[in-house]
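Take a look at the structure below.
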Amino acid sequence: MGVIQGLPCGRALLRALALRLAPPVVKLDPSSWEEFYAIIARTFSELPARVRWQVRLFLFVLRWMTLPLHGGLFDLLAPKDQDEVLHWLEDHPWRLLRIAFWGVRALIFTGYYGNPGLWHKMGYAPVPEGNRMLRG
């Protein structure tokens with residue numbers, strides 16, 4: 001589990017998060033996963049230093065907080081247990097935990113949506129007209 005350009009977590013944690021938060025990534029091949037990680041690393045490197053520190057801290061806490069309750073690190077848990085932890089964070093009463101969860105979710109989505117070359121592999125087909133189609 002190597003560090004990804006400044007992130008204290010490795011690919012295993014990012015992959016586990018991606019599979020739970022953006023399930024279509026399961027269709028990615030090894031080279032597409034490399035691009036996914038590269039997009040996340042690029043995005044992370046462009047964040048302000050304070051935000052990078054906060055993301056690193058949250059990912060560290062997320063990975064280890066499951067050890068006492070679930071008996072393993074987050075990325076080693078069964079998908080059902082990972083979902084339970086993520087749902088708990090998503091609506092947590094502590095605002096800072098919710099913000100951190102949604103920030104990491106946005107980072108994962110950047111890897112998911114950030115490369116048009118990956119869209120077809122995930123079954124994502126955006127419509128260029130977007131909202132115009134909704135208005136009739």
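We did not get these values from a lab; they are worked out from the coordinates using the rules stated. It should be emphasised that the depicted structure is a prediction, and the values quoted were computed from it without experimental measurement. Note that we place each Cβ from the backbone using ideal geometry, even for glycine, and neighbour counts take in every protein chain shown.
Charge tally for His70 (other residues, Cβ to Cβ under 12 Å; Lys, Arg +1; Asp, Glu -1): -2. For the chain, the residue among Leu28, Ser45, Gly114 whose Cα projects farthest onto the positive side of the dipole built from Cβ charges is Ser45. Between the helical axis of 79-90 and the longest alpha-carbon principal axis of the chain there is an angle of about 90 degrees. The dipole here belongs to the chain: it is taken about the Cα centre, uses +1 on the Cβ of Lys and Arg and -1 on the Cβ of Asp and Glu, and is about 300 debye. If you sort the three axes of the alpha carbon gyration tensor as a ≥ b ≥ c, you get a/c of 1.5 or more for the stretch 12-119 and a/b no higher than b/c, which makes it oblate.
With θ taken as phi - 60° and the Karplus curve 6.51 cos²θ - 1.76 cosθ + 1.60 applied, the whole-hertz 3J(HN,Hα) list for the stretch 41-58 is 4, 4, 4, 4, 5, 8, 6, x, 3, 5, 5, 4, 4, 5, 5, 4, 4, 4 Hz, x standing for glycine and proline. As a rough guide to protection, the peptides 43-55, 106-118, 67-79 ranked by mean Cβ packing within 10 Å, highest first, stand as 106-118, 67-79, 43-55.
Using just its DSSP H runs of length 4 or more, each adding -39500 (n - 2.57), the chain gives a mean residue ellipticity at 222 nm of -21000 deg cm²/dmol after division by all residues.
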